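The values are calculated or read from the model by the stated rules, or taken from the named source; none is laboratory data. Quantities reported herein were computed from a predicted structural model and do not represent experimental measurements. With ideal geometry, Cβ positions are generated from the backbone for all residues, glycine too; neighbour counts draw on all protein chains shown.
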């Protein structure tokens, strides 16, 4: 265990102490708790220089070597940038949560969940071992379930939480299958080794299987169409959760997985077809749906869906340029989207509504928030000198190819980016500009805990672009190299230079401004269109879940129908079929036995037993039934006697006598119906079932006795009974000595049965009825 | 003689299964009692039969002088007889108490734990 590993696991420690600190310090605990992610950030920042020189930091320990599951991590450019975003934004989110949810009675629990999530997320991006990767992946699903359902008193919240869990958890199963396939294809269980096995994996016949499983996991986690619906619904969570999970972390886990797998699975036709198609579709659908919304958080959520689509498209577009653009956009998006979510939360917190139609003119009341919003929105719009500008330039430079494919993707991207600009402007500018509107709460600037986060993030978005040389060398190039699998040198700068990319940027901005001015009409048109369609995957999810519940209910009622004879019939038919079937299949049926040679008294006793048996069936009064039962029992006792088992015979006599006595006692209370309640057809059917199962046992026994007999055990007991255990009666010696412990178990069974009988008799009918009524 | 006992044991099974399939608790109980005997006979026969020589060592010898009956199945059956008896007694009292409280010995109407029209689980969240 070295320091890096301790730092990576630090959030779990914070999760334990958070509730305790909150109990003593209230919301001020956020200041102390923010030191945990800050410490991680600082430590990881110290590794930047080393990793940007192409080194990797690895470590860990062996966990379950027989399953190739090791607790190992490795940090290269990709993991490090992700981990820095998670811990850095995490620090700000903890502070923000202190301001946003400070007075909440479960604030401690909330912080605990956030830290668990942060730990899982850092573990996910740092994991080296494939199984560890899967475990952290599932842990992010589970912790996000807890966070989205934090406000569990509301049904919408519970629904969103279950939806997120079902969709991303299902993807998690695909991931597990995917890593197992990858492991069996390549023979390695560590990501760092797998990265060098790309050619082996791509040429393997199971490549397609691995590909679909991995993109299944990534698309569900990163809310790609048609799995996009859970992300906007997850906005039911408190805003700090939305800002953290849905900007930089959870939803980017899918993108992380795709980027991580790019050297292994990428560079194939299917990779470069499926990813851009679904990514572009998600981009366009996400932005169109965003236009429809009036709630600030929902608008941002849909643009997040769109941005994820853009990232997936870039990751799968092919070529180093596209990878580089994806890296720029990922960093830019994490910064501005985190800030904008927090700003939406501040507006909601201070003005009392998130409906964009009821907001306006807040710039005087909330100047700091307004400033941060402007910076973030300019970055989102891709204007210089912000980091978003670098991203947009690189995207257009990468995808604008003079082919049909390149042109169509470029046009759709321009469309999507323009609409994103519209949403960014609507969220960040509309509430602040124009005439002041009366809001439910008297709006004023929030406390420093609230605005610290967005201010820092939007300033970073500006500074990182101004010092683009530093960002390029320390973050973008190492990350792009890790994704591409070869060394990539990034050198975007904020100084605009005339190129096709700049022209496309200008077109995007122009289109965006045009739509922004007509935003109300655009919203109306989208609302009309969606009402026309009337069905979406979100509704489909409800139908799927209720269909599943109905199906499960139906099948349960089928199998567990509450009729004992149905259970019995099933058991015996199965029993008979299995016995007969296996004997016939393996050709183990007995030979036809010769006619048995018995003395006349043996025949007599056998006949008595058989007569006793059948008269039990046909007895139509109590006495006959009891007597018949006694007859067959005593006949069995006589059989034991004849074949050298006096002990058995004696016990059987005792037990049969007792049974008859008890049965007689109870039978005086219970009625024995004169006729069988079954219809003749039912009787015939039951007789057939009984014949099937009973004859199977008979034939089995006949076939057993035709086999040679192994007397080893019996000989052992016979020869050692006297010598070792000093007893002449071998049966008794076996029971009390050789198998004494079995006998102890048997006595316990008898005792428990006795106690239960006692309890049953003691519980008075009155009391029982009372229990039953409840 | 093993053959004859195998067939007898099979008859025991057939009759007891037929009784177990019926709808009245009391018939099911009779079936349970018969099933115990059926299984005991099966074990006894599968251990092979020897006439009239119990597995007992005379006091002046260390091992029996002649071949005796197989002691192992006898030990198993001895345990089984006692357990099936206590099982039978328990079931008997249980069905008696059920009859007292539910006023029925017809398994069709003994549906307290699994009522006929069980409501479907909630479909919301």
query: Can you tell which of B:98, B:89 is over 16 Å from the mean Cα position of the chain (by Cα) and buried (at least 16 other Cβ atoms within 10 Å of the Cβ)?
result: B:98
message: Among (1) in contact (Cβ under 8 Å) with a residue 60 or more places away in the chain; (2) closer than 22 Å to residue B:17 by Cβ; (3) facing chain B (nearest Cβ under 9 Å), there is one condition residue A:593 misses while meeting the rest; what is its number?
response: (2)
- prompt: Is it the case that some residue within the range A:760-773 is at pLDDT 90 or above and out of contact with any helix residue (DSSP H, G or I) (no Cβ under 7 Å at 6 or more places or on another chain)?
  reply: no
field: Out of B:53, B:32, sole residue that is touching a residue at least 12 places away in the same chain (Cβ under 8 Å) and either at the interface with another protein chain (Cβ under 7 Å from one of its Cβ atoms) or assigned to a loop (DSSP other than H, G, I, E, B) (or both)
entry: B:53
message: Just checking, does the range A:297-310 include any residue being more than 21 Å from residue A:427 (Cα to Cα), surrounded by fewer than 24 Cβ atoms within 10 Å (Cβ to Cβ) and in contact (Cβ under 8 Å) with a residue 12 or more places away in the chain?
response: no
- request: Kindly indicate whether residue A:633 is farther than 23 Å from residue A:700 by Cβ, surrounded by 18 or more Cβ atoms within 10 Å (Cβ to Cβ), under 60 Å from the mean Cα position of the chain (by Cα) and within 11 Å of chain B (Cβ to nearest Cβ).
  value: yes
Given (1) touching a residue at least 24 places away in the same chain (Cβ under 8 Å); (2) closer than 29 Å to residue A:239 by Cβ; (3) surrounded by fewer than 22 Cβ atoms within 10 Å (Cβ to Cβ), index of the condition residue A:395 fails: (3)
message: Regarding the range A:429-449, can at least one residue be identified that is closer than 28 Å to residue A:360 by Cβ, under 36 Å from the mean Cα position of the chain (by Cα) and in contact (Cβ under 8 Å) with a residue 60 or more places away in the chain?
response: yes
task: Collect the residues in the range B:63-88 that are over 18 Å from residue B:42 (Cβ atoms), out of contact with any strand residue (DSSP E or B) (no Cβ under 9 Å at 6 or more places or on another chain) and at the interface with another protein chain (Cβ under 7 Å from one of its Cβ atoms), keeping them in residue-number order.
output: B:63, B:86
task: Out of A:657, A:675, A:624, report the one residue that is more than 7 Å from every other protein chain (Cβ to nearest Cβ), modelled with pLDDT under 85 and part of a helix (DSSP H, G or I).
output: A:624
query: Out of curiosity, is residue A:503 modelled with pLDDT under 85 and out of contact with any strand residue (DSSP E or B) (no Cβ under 8 Å at 6 or more places or on another chain)?
result: yes
query: Out of curiosity, is residue B:47 over 12 Å from the mean Cα position of the chain (by Cα), farther than 18 Å from residue A:655 by Cα and at the interface with chain A (Cβ under 7 Å from one of its Cβ atoms)?
result: no
Residues (more than 8 Å from chain A (Cβ to nearest Cβ) and modelled with pLDDT of 85 or more) located in the range B:89-123: B:91
- request: Identify all residues within the range A:1-11 that are in a helix (DSSP H, G or I), touching a residue at least 12 places away in the same chain (Cβ under 8 Å) and under 18 Å from residue A:61 (Cα atoms); write none if there are none.
  value: A:3, A:4, A:5, A:7, A:8, A:9, A:10
task: Scan the range A:718-749 for residues that are assigned to a helix (DSSP H, G or I), over 55 Å from the mean Cα position of the chain (by Cα) and closer than 28 Å to residue B:86 by Cα and jot them down.
output: A:730, A:731, A:732, A:733
query: So which of A:731, A:704 is surrounded by 15 or more Cβ atoms within 10 Å (Cβ to Cβ), under 14 Å from residue B:68 (Cβ atoms) and either at pLDDT 90 or above or in contact with a helix residue (DSSP H, G or I) (Cβ under 6 Å, 6 or more places away or on another chain) (or both)?
result: A:731
query: at the interface with chain A (Cβ under 7 Å from one of its Cβ atoms), in contact (Cβ under 8 Å) with a residue 12 or more places away in the chain and closer than 30 Å to residue A:725 by Cα: does that describe residue B:26?
result: no
field: Subset of the range B:87-125 (residues that are under 30 Å from residue A:156 (Cα atoms) and in contact (Cβ under 8 Å) with a residue 24 or more places away in the chain)
entry: none
- prompt: Which one of the conditions (1) modelled with pLDDT under 85; (2) in a helix (DSSP H, G or I) does residue A:630 fail to meet, given that it meets all the rest?
  reply: (1)
- prompt: Is there any pair linking a residue in the range A:733-755 that is more than 9 Å from every other protein chain (Cβ to nearest Cβ) to one that is surrounded by fewer than 18 Cβ atoms within 10 Å (Cβ to Cβ) and outside any helix (DSSP H, G or I), with Cβ under 6 Å and at least six apart or on different chains, and which?
  reply: A:737/A:725
statement: Checked A:528, A:554 against criteria (assigned to a helix (DSSP H, G or I) and within 30 Å of residue A:678 (Cβ to Cβ)); the one match is A:554
query: Would it be correct to say that residue A:362 is in contact with a helix residue (DSSP H, G or I) (Cβ under 8 Å, 6 or more places away or on another chain) and not in a helix (DSSP H, G or I)?
result: yes
query: Which ones in the range A:596-606 are without any contact (Cβ under 8 Å) to a residue 40 or more places away in the chain and surrounded by 12 or more Cβ atoms within 10 Å (Cβ to Cβ)?
result: A:596, A:598, A:603, A:604, A:605, A:606
statement: Screening B:68, B:45 for residues that are part of a helix (DSSP H, G or I) and within 30 Å of residue A:723 (Cα to Cα) leaves only B:45
query: Going through the range A:193-215 one residue at a time, which ones are under 25 Å from the mean Cα position of the chain (by Cα), in a helix (DSSP H, G or I) and surrounded by fewer than 20 Cβ atoms within 10 Å (Cβ to Cβ)?
result: A:208, A:209, A:212
- request: With respect to residue A:182, determine if the residue is surrounded by fewer than 20 Cβ atoms within 10 Å (Cβ to Cβ), modelled with pLDDT of 90 or more and over 20 Å from residue A:139 (Cα atoms).
  value: no
